[in-house]
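So the structure is just underneath, and the comments pick up after that.
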Amino acid sequence: MKRVRTIPQSPEEKVRLKAIRDQFQTERPSLDELIASGEYSEPVPHGVTLDAMHIASLLKQAREEADLSLAAVAKRCGLDRSVISRLENGLYENPTLATLNRLARAYGKRFLVQLVNNG
């Protein structure tokens with residue numbers, strides 16, 4: 001059985017998230033109400049999520065192949081260790097191409113983007 005990792009949360013964040021869950025359970029807003037409130041964002045298509053997870057996996061694999069620690073990569077590319085860790089674990093929603101290129105250079109690689117046909 002695969003162990004699920006939890007994201008560490010500060011006590012304040014836990015309280016904030018609990019308040020949101022409690023409010024949702026009490027009010028039970030409809031989809032139309034959520035959209036009207038501005039608190040709803042469109043779901044991310046599954047393929048986009050899989051692509052992001054693949055990039056995260058490639059980043060971690062490249063770092064491990066280069067035998068570099070998070071601290072070493074952070075020093076080489078000027079990003080915080082926590083940012084690199086979040087990227088590698090798929091927790092960073094929208095990395096820029098500049099960020100991905102900085103990481104690739106730190107690993108002695110280059111970042112390549114391809115367009116492929118759906119199918």
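The values are calculated or read from the model by the stated rules, or taken from the named source; none is laboratory data. Values in this document were obtained by computation on a predicted structure and should not be read as measured data. Heads up, the Cβs are rebuilt from the backbone with ideal geometry, glycines too, and the neighbour counts pull from every protein chain shown. Note: accessible area is taken over every heavy atom of the protein model, side chains too, but ligands, DNA and RNA are not part of it. Shrake-Rupley method; radii C 1.70, N 1.55, O 1.52, S 1.80 Å.
Rounded to the nearest 10 square angstrom, Ser37 shows an accessible area of 70 square angstrom against a 1.4 Å probe. Scanning the chain for GluC sites (Glu not before Pro) lying in DSSP loops with no more than 14 further Cβ atoms inside 10 Å, the longest uninterrupted stretch between such sites is 40-92.
A crude spin-label estimate for the pair Leu31 and His46, with each label 7 Å from Cα along the Cβ direction, gives 1.7 nm. The GNM of the chain, with springs linking C-alpha atoms under 10 angstrom apart, assigns the highest mean-square fluctuation among Arg105, Arg21, Arg86 to Arg21.
Placing unit charges on each Cβ (+1 for Lys and Arg, -1 for Asp and Glu) gives the range 6-90 a dipole about its Cα centre, and among Val73, Gln61, Ile35 the Cα reaching farthest toward its positive end belongs to Val73. Per-atom-type breakdown for the chain gives carbon and sulfur 53% of the accessible area (1.4 Å probe, protein chains only).
Computed over the chain, the per-residue total of -39500 (n - 2.57) for DSSP H runs of n ≥ 4 gives a 222 nm mean residue ellipticity of -18000 deg cm²/dmol, rounded to 500.
Highest GNM mean-square fluctuation among Leu17, Leu103, Leu79, for the chain modelled with Cα contacts below 10 Å: Leu17. Per residue, the solvent-accessible area of the range 10-83 (1.4 Å probe, heavy atoms of protein chains only, all protein chains present) comes to 80 Å². The figure for His54 is an accessible area of roughly 110 square angstrom, using a 1.4 Å probe on the protein chains alone.
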